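Below is one structure, written out as structure tokens, with a few remarks after it.
The values are calculated or read from the model by the stated rules, or taken from the named source; none is laboratory data. Owing to the predicted nature of the structure, the values given are computational and were not obtained by experimental measurement. Virtual Cβ from ideal backbone geometry, glycine too; neighbours counted across all protein chains shown.
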Amino acid sequence: MGINEGIEIIRAQVQNLPDSPGVYRMLGVNDDPLYVGKARALKRRVVSYTRWDQLPKRLQRMVAETVRMEIIHTHTEIEALLLEANLIKKLRPRYNILLKDDKSFPYIRMSGTHDFPRVEKYRGVQDKDGDYFGPFASGYAVNETIGVLQRAFLLRNCSDSIFASRARPCLQYHIKRCTAPCVGYVTKEQYAQQADEAKQFLSGKSRAIIERFSQAMQYASERMDYEEAATYRDRVQALNHIQLKQDINVQNVDDADVFALARDGALVCVQVFFFRQGQNFGNKSYFPRVGADDSDEAILSAFLPQFYASRTPPKDIFTSHVVEEAKLIEAALREMHHTRYALSISAPSRGDRRRILDFVCSNARHALQRHRIERAGDTMGLQRMQEIFELAETPQRIEIYDNSHVQGTNKIGAMVVAGPEGFKKSAYRKFNIKTTDTGDDFAMMREVFSRRFTRALEEGRQGDPEHWPDLVLIDGGVGQLNVCNEVLAQLGIADQFCVVAISKGPDRNAGREQFHRKGKAPFQLDFDDSGLMYMQRLRDEAHRFAIGAHRAKRSKAMISSSLDEVAGIGPTRKKALLAHFGSAKAVENAGLKDLEAVPGVNKATAKLIYDHYHGS
């Protein structure tokens, strides 16, 4: 397609468009999504793409690649904005401003249905009974806060099934992180007070809780009950530890997300800090894909709807730049999340809120600087890959493969992806190995390669730069390399890309790795070669991902039980059975009448469970 053809396709669409709200999609060859946009008046918005000389270069390229358009009419502009955000998130069009990292944030959850509520990390839809506190910027921040809650308020963190089956206190009680409600060392009322104090702390009443504990410590000391005084001292120290980690005074900010944008040409960082009940719950950096000609205001306007597409916004959203169509975005977010509070998007210019914003802006600039240095290192590493392996061009997509298992159990194959922008975590894949019952690394690698590239060919991904590698690195030796090349030859793509195996070398020492390629002699690189260090980083990331996936699979297998094999028993009934009997073994030995006594288990279900274990 060319410039004139793209303009004519758009011009033909304009003739049939009304001046009403809607969403338009520009599609390229093979219906690849190029761009998604929304408009208050479709005709007036779409016709602007036919004025070639007024478009930025990025959109000129988009018009030249347009093969056809799709139009969706909506009742209101708010509906159009919501639909646009969802389509961008789903389709990830090439020419839109994209929020690349869209993982959910973790929360702290305290259950509302148990007599002795558990404190736990939680991700996902908040549709269960209980109290949720967050979001936190990372799992590490949640784990650290839960540790403080255990030290300060002595709350349990064990599962309900373990809680129900305890006969004596666990280690958490002995290291003074739990009051052992599982064995009756604390009453329901006493534990409820502990939980209520923890909720107050998470709700911003930390100073009141610390003062209360300090007074209790003083009273215990005056009574010469030094053991109790020491306990309160430790609890105060735990709470003060969190208070001291607050990076900025947020006394005049209740619930707010603060966004600051820093940029260097087309390289942009959007830093967001989460403040809840006057406490800093951490921060996260985003590096959205933008064009050099996109304005800062337009970037934030496109960023916010995508960011909150699956997250509940607080009542205050502060931004470093005035957001275009702020009122429209506010209305869309209120409708999307059915909020009952007055949501506001603003760019503070003075006072405490401006000082907070300046603090976030400074963090954004530092994060951008670090990211730029990392990007420069990735660029140098890719260029060195081209030199070492004699590639025609600098590789844009490198795939790294590794396997993980313990004596042939819980076998996992892993693929990580790297490119000019660093590791592309959204493209990572793990493979549950199915075809081998042993720890045969060659057979596992054969299965991984077969599944990965057979599927890519079936989906027509061959040659697609977004999904097709320029260079493949394998953590292994000549054996793994031969197996992978055999698979590629059978699929007819043996010469499509460069495949390299990295073996540990003599004595398995880092820096003495050997590199193997088909038809070439093995070789080593100098210890201080930048290409070697880059490949070590890629291999270590593949190893980390593979080990993490293997451990998760192994942990899941460890907590599985024979109840998982009973047809018709879902998570709710499984939980009720374990809570009632204490263990899967006790369920196996239970009689019909005992099974019928479990809440939620009727006579038919009880007989189903009994027959499963007794072979009737």
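Quick one: in segment 183-193, of everything that is in a helix (DSSP H, G or I) and touching a residue at least 12 places away in the same chain (Cβ under 8 Å), which residue is surrounded by the fewest Cβ atoms within 10 Å (Cβ to Cβ)?
Lys188
Please pick out the residue among Ala85, Ala64, Ala80 that is in a helix (DSSP H, G or I) and either over 23 Å from Leu300 (Cβ atoms) or hydroxyl-bearing (Ser, Thr, Tyr) (or both).
Ala64
In segment 50-61, how many residues are aliphatic (A, V, I, L, M) and either in contact (Cβ under 8 Å) with a residue 12 or more places away in the chain or in a helix (DSSP H, G or I) (or both)?
1
Please note which strands (runs of 3 or more DSSP E) are completely contained in segment 368-482 and include at least 1 residues that are of a type in the set (A, V, I, L, M, F, W, C) and under 21 Å from Met535 (Cα atoms).
So the answer is 398-406, 409-419, 471-475.
Please go through segment 315-351 and give me each residue that is assigned to a loop (DSSP other than H, G, I, E, B) and crowded, with 21+ Cβ neighbours inside 10 Å, ordered by number.
Ser320, Val323 - these are the residues of segment 315-351 that are assigned to a loop (DSSP other than H, G, I, E, B) and crowded, with 21+ Cβ neighbours inside 10 Å.
Residues checked against (1) in the same structural domain as Cys361 (by TED's automatic domain parsing); (2) buried (at least 19 other Cβ atoms within 10 Å of the Cβ); (3) at pLDDT below 75:
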site: Glu227; (1), (2), (3): no, no, no
site: Ala230; (1), (2), (3): no, no, no
site: Arg233; (1), (2), (3): no, no, no
site: Gln237; (1), (2), (3): no, no, no
site: Asn240; (1), (2), (3): no, no, yes
site: Asn249; (1), (2), (3): no, no, yes
site: Ala262; (1), (2), (3): yes, yes, no
site: Gly265; (1), (2), (3): yes, no, no
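For Ser404, which of the numbered conditions (1) over 24 Å from His467 (Cα atoms); (2) buried (at least 18 other Cβ atoms within 10 Å of the Cβ) fails to hold?
Status for Ser404: all satisfied but (1).
Condition test on Arg539, is it touching a residue at least 40 places away in the same chain (Cβ under 8 Å) and either in a loop (DSSP other than H, G, I, E, B) or surrounded by fewer than 16 Cβ atoms within 10 Å (Cβ to Cβ) (or both)?
No: the conditions fail for Arg539.
Identify the residue in segment 159-202 that is in contact with a Phe, Trp or Tyr (Cβ under 6 Å, 6 or more places away or on another chain) and of a type in the set (A, V, I, L, M) and, among all such residues, is farthest from Leu149 (Cα to Cα).
Ala180
Yes/no per residue for (1) over 28 Å from the mean Cα position of the chain (by Cα); (2) at pLDDT below 90:
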position: Val417; (1), (2): no, no
position: Tyr428; (1), (2): no, no
position: Asn432; (1), (2): no, yes
position: Asp437; (1), (2): yes, yes
position: Pro465; (1), (2): no, yes
position: Pro469; (1), (2): no, no
position: Ile474; (1), (2): no, no
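Please find, within segment 597-612, the residue that is nearest to Asp160 (Cα to Cα) out of those that are surrounded by fewer than 16 Cβ atoms within 10 Å (Cβ to Cβ) and out of contact with any Lys or Arg (no Cβ under 6 Å at 6 or more places or on another chain).
Pro599
List the residue pairs whose Cβ atoms are under 6 Å apart, where the first residue sits in segment 112-132 and is polar (S, T, N, Q), the second is modelled with pLDDT under 85, and the two are 6 or more positions apart or on different chains.
Note: pairs meeting the criteria are Thr113/Asp129.
Within segment 267-284, work out how many residues are under 17 Å from Ala367 (Cβ atoms) and crowded, with 19+ Cβ neighbours inside 10 Å.
10
Condition check ((1) more than 21 Å from Phe307 (Cβ to Cβ); (2) without any contact (Cβ under 8 Å) to a residue 60 or more places away in the chain; (3) polar (S, T, N, Q)) across all residues:
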position: Ser138; (1), (2), (3): no, no, yes
position: Val142; (1), (2), (3): no, yes, no
position: Leu171; (1), (2), (3): yes, yes, no
position: Arg177; (1), (2), (3): yes, yes, no
position: Pro181; (1), (2), (3): yes, no, no
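Report yes if Arg517 is among the basic types (Lys, Arg), closer than 25 Å to Asn30 by Cα and touching a residue at least 12 places away in the same chain (Cβ under 8 Å), otherwise no.
no
Please list, ordered by residue number, the strands (runs of 3 or more DSSP E) wholly in segment 102-175 having 2 or more residues that are under 21 Å from the mean Cα position of the chain (by Cα) and closer than 20 Å to Asp257 by Cα.
107-111, 130-133
Could you say which residue among Gln126, Gln150 is under 30 Å from Thr312 (Cβ atoms) and surrounded by fewer than 18 Cβ atoms within 10 Å (Cβ to Cβ)?
Step by step, each of Gln126, Gln150 is checked, and only Gln126 is under 30 Å from Thr312 (Cβ atoms) and surrounded by fewer than 18 Cβ atoms within 10 Å (Cβ to Cβ).
Given the conditions (1) surrounded by fewer than 17 Cβ atoms within 10 Å (Cβ to Cβ); (2) under 27 Å from Lys520 (Cα atoms), and given that Leu481 satisfies all but one, which numbered condition is not satisfied?
(1)
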